[in-house]
Amino acid sequence: MKVKVWGARGSISISNANSIRAGGNTTCYEVISECLPPGTKLMIDSGTGFVPAGWHYLSEMGQGLKYVLLYTHYHWDHVLGLTLAPPTFIDQIPMELYGPRDEGYGPKEVVQYIFKRPFFPVDAKRVTYKMKFHTIDDFDVHIMVVHPKGGFAVLNLDQFNMLLSAKKQIPLRRKKYDISECMIIRMAKANHGNATCISYRFEEIPTGKVFVFCSDHEDTVGVSLELRRHFSNADLLVIDAQYDQQKYINQTTGFGHGTPYGVVKQGVVCHVKRIGLTHHDPGSVDTFLENKILPEAVEALKQLRSNEKFRHDYHVDDIILTDQDVFLCYDYAEYEV
Ligand SMILES: [Zn+2]
Ligand SMILES: [Zn+2]
């Protein structure tokens, strides 16, 4: 499994000479896996990074090119790229949109809202006819299953667990497939102010690799049991670390975003193997990210290593994360999970 970053910026897109390395596209990540049906591009969110992602794959048109979009939530920085990405308007490229329901809005209602005068010149009907929408209510008791031939399905967690314990095959598109050939996607609630926000956990069964994406998450509530399970033993956790500790304490507490210290603590408690920092603040230029945000994460790791009380309280015998295992996510970079 690989993860490609199309947009790692938070809140609003930027472009300036001091932010070349990290880039300025808002949230859009791609999950690349052998478990996906051929031609299917699996994206998390469609911030402005979805525009270059859309251009990039146009050459694959006619080879089954299709987009599956998983939405964490519907703040502008996570949806707006959909309005100007080429695949949105190309009839031959089908799209499936999955996401939570928030204030009565699922993916369909969101598209109908943003593709409308006076906000946008093209009416939603022009694009929705080729889109399939899946609003995932109760996402904590559902699970998504993906198979290279069977495609995507959302199953009830109990139903899934029963099939699993009985060693039965998974029914997808009226056929049955071995779970050992699937990727499963678990969902949990991130702590993002008043928004309903999903964190996605991708478990590639054939390789055993696990990737967790948790942007737009604030760590004030500590590490909940649910999130601890959700993050546990991930090979890669990409997580929101928008604010340095001082800014967080002085200005942005309660804004629904994380800090390097908070995310490292969560990663250590959950035995995560690597941490990618994302949702960079629009005001954080490259040198700030590299000389302040990342060093704060490394310093947090150092503090936690020498804090015996923390290790005892959280049952952490051995901290497996090294300084090199924590990094900044940059636009257009690709990471092996
Ligand atoms: Zn955001
Ligand atoms: Zn948000």
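When each of Gly258, Gly254 is tested for being part of a loop (DSSP other than H, G, I, E, B) and surrounded by fewer than 16 Cβ atoms within 10 Å (Cβ to Cβ), the lone residue that passes is Gly254.
Against the numbered list (1) within 16 Å of ligand 2 (Cβ to nearest atom); (2) surrounded by fewer than 16 Cβ atoms within 10 Å (Cβ to Cβ); (3) within 19 Å of the chain's Cα centre (by Cα), Thr220 comes up short only at (3). Looking only at region 11-51, residues that are within 13 Å of ligand 1 (Cβ to nearest atom) and touching a residue at least 40 places away in the same chain (Cβ under 8 Å) come to 13 in all. Restricting attention to region 54-75, the residues that are more than 15 Å from ligand 1 (Cβ to nearest atom) and surrounded by 24 or more Cβ atoms within 10 Å (Cβ to Cβ) add up to 2.
The single condition among (1) within 16 Å of ligand 2 (Cβ to nearest atom); (2) β-branched (Val, Ile, Thr); (3) surrounded by 16 or more Cβ atoms within 10 Å (Cβ to Cβ) that Val3 does not satisfy is (1). For Thr278, the conditions (1) surrounded by fewer than 18 Cβ atoms within 10 Å (Cβ to Cβ); (2) among the polar types (S, T, N, Q); (3) touching a residue at least 40 places away in the same chain (Cβ under 8 Å) all hold with the exception of (1). Out of all the residues in region 102-111, which are away from ligand 2 (no atom under 16 Å from the Cβ) and either part of a loop (DSSP other than H, G, I, E, B) or among the charged types (D, E, K, R) (or both)? Correct list: Gly104, Gly106, Lys108, Glu109. Scanning region 164-222 for residues that are in contact with a Lys or Arg (Cβ under 9 Å, 6 or more places away or on another chain) and basic (Lys, Arg) turns up Lys168, Arg173, Lys175, Lys176, Arg186, Arg201. Residues considered: Leu277, Leu289, Leu294. Of these, the only one that is part of a strand (DSSP E or B) and either at pLDDT 95 or above or basic (Lys, Arg) (or both) is Leu277. A residue that is under 17 Å from the mean Cα position of the chain (by Cα) and away from ligand 2 (no atom under 16 Å from the Cβ) can be found somewhere in region 79-96. Only a single item in (1) away from ligand 2 (no atom under 16 Å from the Cβ); (2) aromatic (Phe, Trp, Tyr); (3) not in a helix (DSSP H, G or I) is not met by Trp55, and it is number (3). When His78 is tested against (1) on the phi > 0 side of the Ramachandran plot; (2) within 16 Å of ligand 1 (Cβ to nearest atom), exactly one condition is not met: (1).
The values are calculated or read from the model by the stated rules, or taken from the named source; none is laboratory data. The model shown is predicted, which means the values in this text are computed figures rather than measured ones. Backbone-built Cβ (ideal geometry, glycine too); neighbour counts: all protein chains shown.
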